[in-house]
1. Conditions: (1) under 27 Å from residue 121 (Cα atoms); (2) surrounded by fewer than 22 Cβ atoms within 10 Å (Cβ to Cβ). Residue 344 meets all but one. Number of the miss?
2. Evaluate the stretch 335-349: report whether one residue or more is among the charged types (D, E, K, R), out of contact with any helix residue (DSSP H, G or I) (no Cβ under 8 Å at 6 or more places or on another chain) and either at pLDDT below 95 or not assigned by TED's automatic domain parsing to the domain that holds residue 178 (or both).
3. Return a yes/no flag: does the stretch 268-291 have any residue that is more than 23 Å from residue 45 (Cβ to Cβ) and either in contact (Cβ under 8 Å) with a residue 40 or more places away in the chain or β-branched (Val, Ile, Thr) (or both).
4. Does any residue in the stretch 235-257 that is modelled with pLDDT of 90 or more come within less than 9 Å, Cβ to Cβ, of a residue that is outside any helix (DSSP H, G or I) and among the small types (Gly, Ala, Ser) six or more places away or on a different chain, and which pairs are these?
5. Tell me which residues, restricted to the stretch 2-24, are surrounded by 18 or more Cβ atoms within 10 Å (Cβ to Cβ) and more than 16 Å from the ligand (Cβ to nearest atom).
6. Does any residue of the stretch 307-329 turn out to be free of Cβ contacts under 8 Å to residues at least 12 places away in the same chain, aliphatic (A, V, I, L, M) and out of contact with any Phe, Trp or Tyr (no Cβ under 7 Å at 6 or more places or on another chain)?
7. Kindly indicate the residue of the stretch 109-125 that is closer than 21 Å to residue 76 by Cα and out of contact with any helix residue (DSSP H, G or I) (no Cβ under 6 Å at 6 or more places or on another chain) and also surrounded by the most Cβ atoms within 10 Å (Cβ to Cβ) among those meeting that condition.
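The values are calculated or read from the model by the stated rules, or taken from the named source; none is laboratory data. What you are looking at is a predicted structure, and each value in this text was computed from that prediction instead of being measured. Here the Cβ positions follow ideal geometry from the backbone for every residue, glycine too, while neighbour counts run over all protein chains shown.
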Amino acid sequence: MLDIQAFDQINPPARLLMGPGPINADPRVLRAMSSQLIGQYDPAMTEYMNQTMALYRALYKTNNEWTFLIDGTSRAGIEAMLVSAIRPGDKVLVPVFGRFGDLLCEIARRCRAEVHTISVPWGEVFDPQMVEDAIITIKPRALLTVQGDTSTTMLQPLAELGEICRRHDVLFYTDATASFGGNPMEVDAWGLDAVSAGLQKCLGGPSGSSPVTLSDRFADVVRNRKHVEQGIRNATHQDGCDEIIYSNYFDLGMIMDYWGPERLNHHTEATSMLFGARECARIILQEGIDTCIARHKLHGDALLAGIQGMGLKPFGDLKHKMNNVLGVYIPENVHGEQIRQTLLNDFGIEIGTSFGPLHGKIWRIGTMGYNARKDTVLMTLSALEAVLNRFSFKTAQGAALQAAWDVYASAEI
Ligand SMILES: *Cc1c(COP(=O)(O)O)cnc(C)c1O
């Protein structure tokens, strides 16, 4: 028999989440999420949906009508985009500079695309010319990119790729989950056709909702595929089966009919997540999107200065680092996991480990969303310095904080 007395009320330990995501949610977002539910066709609810679309248009800097939420984590947004646009046999090009490029390849292969990749070593990004050369050789239907890859902390410049894609008539998608809200994102100015993101990085919310935006061109591509009312029931392999979107949940055509004026029933909107996503956008727009990006840059710079101040080496090409995550080489003779565990156990601070070729080589420290603040940066630096000194890596004690303070002081001038 299940002993229900053994299951306490949820009461997680107090943690300061300074890894590559998730991070502590802004208390305003948590408050919005604890609001009571309403019916999915209540006029108040449909008005909240419309407001959420308007808020994310502003955040994405786009006039795209089709700017809305996919219910699910960031991966749900990625999957909805790819499943809805890519037909079996379509050629896609994926520039891979970290783990999330591999994820795009994997999902595209499940869509039975012909996947072509180019790659650079982890810690670098692509020169636009390299992408254009590959587009000319491969002639893909879509270019699938990652803007900020948390596995390497690098930010791929996208500004020039849109124009290249237009010239060669290629659909241009990016996964902006890690970067959105903390680094520039200009959907219309950069000519992006489709972007997806998540709340748990710079947007300061929990994971579970994926804000997406689609250009009219991308929406047309989706609309031109087959949806249920156009005859999935009768479709056979002989008759355009490849045109069918093989997912109901992620069929963007049906989701657009749900968010659009038709309000055709699809899923039940995840109301509490929508309340949270709406508040994430409202917080950033009240601060000012450019101010919010500048805040991420300031605290990212202060963290970097502090890390260098204590004699640690940052990872990758710093010119192309995201504002909100820093890779830090684990010094020789230091047990990376012992440091992380001591930070967690004795200070309640979580920093990130890493994957693949960087496993055991670097830590990843994030300063994003609600946690992109002076107090969190200074606390993390002082705790890390103390723990390193406890375990045989000697630093000039206090140097980290002084270096970070210098960044803050010069920013105030
Ligand atoms: C963190 C991250 C994700 C996360 O996806 P989830 O489904 O929310 O776990 C996706 N893409 C990128 C680039 C990320 O950095």
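1. All conditions pass for residue 344, except number (1).
2. Within the stretch 335-349 (the criterion being among the charged types (D, E, K, R), out of contact with any helix residue (DSSP H, G or I) (no Cβ under 8 Å at 6 or more places or on another chain) and either at pLDDT below 95 or not assigned by TED's automatic domain parsing to the domain that holds residue 178 (or both)), the answer is yes, since at least one residue qualifies.
3. Yes, there is a match, as at least one residue in the stretch 268-291 is more than 23 Å from residue 45 (Cβ to Cβ) and either in contact (Cβ under 8 Å) with a residue 40 or more places away in the chain or β-branched (Val, Ile, Thr) (or both).
4. 249/72; 250/72
5. The one that is surrounded by 18 or more Cβ atoms within 10 Å (Cβ to Cβ) and more than 16 Å from the ligand (Cβ to nearest atom): 16.
6. Looking through the stretch 307-329, none of the residues is free of Cβ contacts under 8 Å to residues at least 12 places away in the same chain, aliphatic (A, V, I, L, M) and out of contact with any Phe, Trp or Tyr (no Cβ under 7 Å at 6 or more places or on another chain).
7. Restricting to residues being closer than 21 Å to residue 76 by Cα and out of contact with any helix residue (DSSP H, G or I) (no Cβ under 6 Å at 6 or more places or on another chain), the top hit is 113.
Residues are listed down the side, and each one gets a yes or a no for (1) in contact with a Lys or Arg (Cβ under 9 Å, 6 or more places away or on another chain); (2) buried (at least 22 other Cβ atoms within 10 Å of the Cβ); (3) among the aliphatic types (A, V, I, L, M):
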site: 34; (1), (2), (3): no, no, no
site: 41; (1), (2), (3): yes, no, no
site: 66; (1), (2), (3): no, no, no
site: 74; (1), (2), (3): yes, yes, no
site: 86; (1), (2), (3): yes, yes, yes
site: 90; (1), (2), (3): yes, no, no
site: 127; (1), (2), (3): no, no, no
